[in-house]
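Student: I'd like to ask some things about the structure below.
The values are calculated or read from the model by the stated rules, or taken from the named source; none is laboratory data. What you see is a predicted model; the values in this text were computed from it and never measured. Here the Cβ is made from the backbone with ideal geometry for all residues, glycine too, and neighbour counts use every protein chain on show. These area figures cover heavy atoms from the full protein model, side chains too; ligands, DNA and RNA do not enter into them. Shrake-Rupley method; radii C 1.70, N 1.55, O 1.52, S 1.80 Å.
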Amino acid sequence: MIIVLKPQVTDEQINQVVEKIKSQGLDVHISKGKFRTIIGVIGEEEAIRSLPLEAWPEVEKVMPVLKPYKLVSLEFRTEPTVVDVRGVKIGGGNFTVMAGPCSVETREQLFMTAEAVKNAGAKILRGGAFKPRTSPYSFQGLGIEGLKLLKEVSEITGLPVVTEVMDVRQIEDVKEHADILQIGARNMQNFNLLSEVGKTGKPVLLKRGFSNTVEELLMAAEYIAREGNDQILLCERGIRTFEVSTRNTLDISAIPVLKRLTHLPVVVDPSHAAGRSDIVPELCLAAIAAGADGLIVEVHPDPKNALCDGPQSLDLKQFQMMMEELRQVAQALGRKL
Ligand code: PEP
Ligand code: MN
């Protein structure tokens, strides 16, 4: 249930409403907007219905939420959520580019990539330390060593970092070393992991599973939001279709569809969608044109010799050229890059 309060209600009145709801054993999530305060009530439907909400003088409107997610819905918060990563803002009109290698391999490789993507205009560095590889015999990432390198390079370059956490047992270490916790496509419905990253209060990049619907993505985000964490970036990274000319099919429609359903920022990963670097620049342009809030792009100084996802990684020059094109499109669209 969503309760929209009257515009002139005071903080004291808000507290009284909250206390009355809580006294019924229900949970509340408060969203204070510029003009209105909205209260999301969570709990047993019967207990919610037993409250005479419409009769309360502070209440303007009561709306049942028929969707299986609430806190991440546009009904709950009508203004876009801005995710703030050490001062780098994602959402609310900004267009933010995250870039870096699929996996951290060496200090030199990470440092070189970080400097190059920063100079080209990226605001956040990506790099995997724990890698979810399809084959157990493929490179699994440097683990803690990779996290340490990410932190070191982040400190030198000033770029915040995003890295994947695959398991609840890795949360402590990843939280210590990174600014955004990434939930990979294969873990989108690992509900315990979602709740635990929610509890950290750190920004989370939630990737859409390659066989998951937009609604399932939003329900996964709801698990994080339910822990009191609204710093969530939704990421479209391609879904499985019958098409074999790309690794996955970038679901461009998911961007405007999500924008109509949620206040959370939407970012696009063209690299895992395409699986081939040649079409990555076009997909980046399509993403901003379709209304995305940012990108996460794989970049490697020597893609041919990358230990993971080389074929889909842009080299340093290609990334720089892509950013130049992106800047022109951003300007035409009136977006801040
Ligand atoms: C990645 O970002 O390196 C990755 C493994 O992505 P995904 O979970 O989307 O496959
Ligand atoms: Mn990758």
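Student: Using only protein heavy atoms and a 1.4 Å probe, report how much of V65 is accessible, in Å² to the nearest 10.
Tutor: Only protein atoms counted, so the area is about 30 Å².
Student: Would you mind calculating the relative contact order of the chain from Cα pairs under 8 angstrom and at least 6 residues apart, reporting the percent as a whole number? Don't skip to the end; give the middle numbers.
Tutor: On the way: 713 pairs, mean separation 54.7, N = 337.
That works out to 16 percent.
Student: Sticking with this structure for a sec: List the cysteines in the chain whose Cβ has no other cysteine Cβ under 4.7 Å from it.
Tutor: Lacking a cysteine Cβ partner under 4.7 Å: C235, C284.
Student: Please identify the longest segment of the chain free of exposed chymotrypsin sites (Phe, Trp or Tyr not before Pro), where exposed means a DSSP state other than H, G, I, E or B and no more than 10 other Cβ atoms within 10 Å. The partial results should precede the final answer.
Tutor: Values: sites that count: F35, Y137, F242.
Looking at the chain, 138-241 is the longest stretch - no exposed chymotrypsin sites (Phe, Trp or Tyr not before Pro) with at most 10 other Cβ atoms within 10 Å.
Student: Same structure, new question: Report in % the part of the accessible area of the chain that belongs to carbon and sulfur, leaving out ligands and nucleic acids; probe 1.4 Å. Don't skip to the end; give the middle numbers.
Tutor: Numbers: 7570 of 14870 Å².
Its accessible area is 51 percent carbon and sulfur atoms.
Student: Could you give each residue of segment 137-149 its phi-based ³J(HN,Hα) in whole Hz, using Karplus coefficients 6.51, -1.76, 1.60 with θ = phi - 60°, and x for Gly or Pro?
Tutor: Calculated HN-Hα couplings, in order: 9, 7, 3, 9, x, 7, x, 3, 4, x, 5, 5, 5 Hz.
Student: Same structure, new question: Could you name the aspartates and glutamates whose alpha carbon sits less than 12 Å from that of K202, not counting residues in the same chain fewer than 8 places away?
Tutor: Once the sequence-local aspartates and glutamates are set aside, what remains near K202 is D84, E172, E176, D179, E227, D230.
Student: Suppose the chain between E176 and T106 were pulled fully straight at 0.36 nm per residue; how much longer would it get relative to their current alpha carbon spacing? Please report the intermediate quantities before stating the final value.
Tutor: Working: separation 70, 0.36 × 70 = 25.20 nm, distance 1.99 nm.
Value of the extension gain: 23.2 nm.
Student: Of all alpha-carbon pairs in segment 11-135, indicate the percentage at a distance above 20 angstrom.
Tutor: Working: 4799 of 7750 pairs.
Summing the P(r) of segment 11-135 above 20 Å gives 62 percent of all pairs.
Student: Here is a further query. Check cross-link reach from K317 to the lysines: straight Cα distance under 16 Å, and skip same-chain residues fewer than eight apart.
Tutor: Hits, sequence-local ones excluded: K118, K304.
Student: Placing +1 on the Cβ of each Lys and Arg and -1 on the Cβ of each Asp and Glu in segment 2-63, which of T37, L53, S23 has its Cα farthest towards the positive end of the resulting dipole?
Tutor: Among T37, L53, S23, the one farthest towards the positive end of the dipole of segment 2-63 is T37.
Student: Considering only Cα-Cα distances, which of the following residue pairs are longer than 31 Å: K199/K259; K6/K175; K67/K336; K67/K123? Could the numbers behind the result be given before it?
Tutor: On the way: K199/K259 25 Å; K6/K175 39 Å; K67/K336 33 Å; K67/K123 34 Å.
In this structure, K6/K175; K67/K336; K67/K123 exceed 31 Å between Cα atoms.
Student: Can you find, among P132, G291, G143, the residue sitting farthest towards the positive end of the charge dipole of the chain, where Lys and Arg contribute +1 and Asp and Glu -1 at Cβ?
Tutor: Final value for the positive-end residue is G291.
Student: Assign unit charges at the C-beta atoms only (+1 for Lys and Arg, -1 for Asp and Glu), then state the dipole size of the chain relative to its Cα centre in Debye, rounded to the nearest 20.
Tutor: About 380 debye.
Student: With a cap of 16 neighbouring Cβ atoms within 10 Å, and only residues DSSP puts in a loop, list the trypsin sites (Lys or Arg not before Pro) found in segment 1-34. Before the final figure, lay out the partial values.
Tutor: Details: sites: K20, K22, K32, K34; in loops: K34.
Answer by residue number: K34.
Student: With a 1.4 Å probe and all protein chains left in place, how much accessible area per residue does the chain have, in Å²?
Tutor: Details: 14870 Å² over 337 residues.
Counting only protein heavy atoms, the per-residue value for the chain is 44 Å².
Student: Non-local amide H neighbours of L205 (under 5 Å, H modeled in plane, Pro and chain starts lacking H): which ones?
Tutor: Under 5 Å from the amide H of L205: L181, Q182, I183, L233.
Student: Remind me, relative contact order of segment 2-63 in percent, using alpha carbon pairs under 8 angstrom and six or more residues apart? All intermediate terms of the calculation are to be shown ahead of the outcome.
Tutor: Working: 85 pairs, mean separation 28.8, N = 62.
Taking the mean separation of contacting Cα pairs over the length of segment 2-63, I get 46 percent.
Student: Shifting gears a bit: What GluC sites (Glu not before Pro) does segment 220-269 have in DSSP loop regions with at most 12 other beta carbons within 10 Å?
Tutor: Sparse-neighbourhood loop GluC sites (Glu not before Pro): E243.
Student: Hey, if we sort T134, T78 by accessible area with the 1.4 Å probe, largest down, what's the order?
Tutor: Working: T134 130, T78 100 Å².
Largest accessible area first, the residues go T134, T78.
Student: Within segment 1-107, report the GluC sites (Glu not before Pro) that DSSP leaves as loop and that have at most 15 other Cβ atoms within 10 Å. Display every interim value, and only then the final one.
Tutor: Working: sites: E12, E19, E44, E45, E46, E54, E58, E60, E75, E105; in loops: E44, E58, E75, E105.
Passing sites in segment 1-107 are E44.
Student: Say the dipole of the chain comes from +1 at the beta carbon of Lys and Arg and -1 at that of Asp and Glu; which of A114, Q318, M63 then lies farthest toward its positive end?
Tutor: Q318
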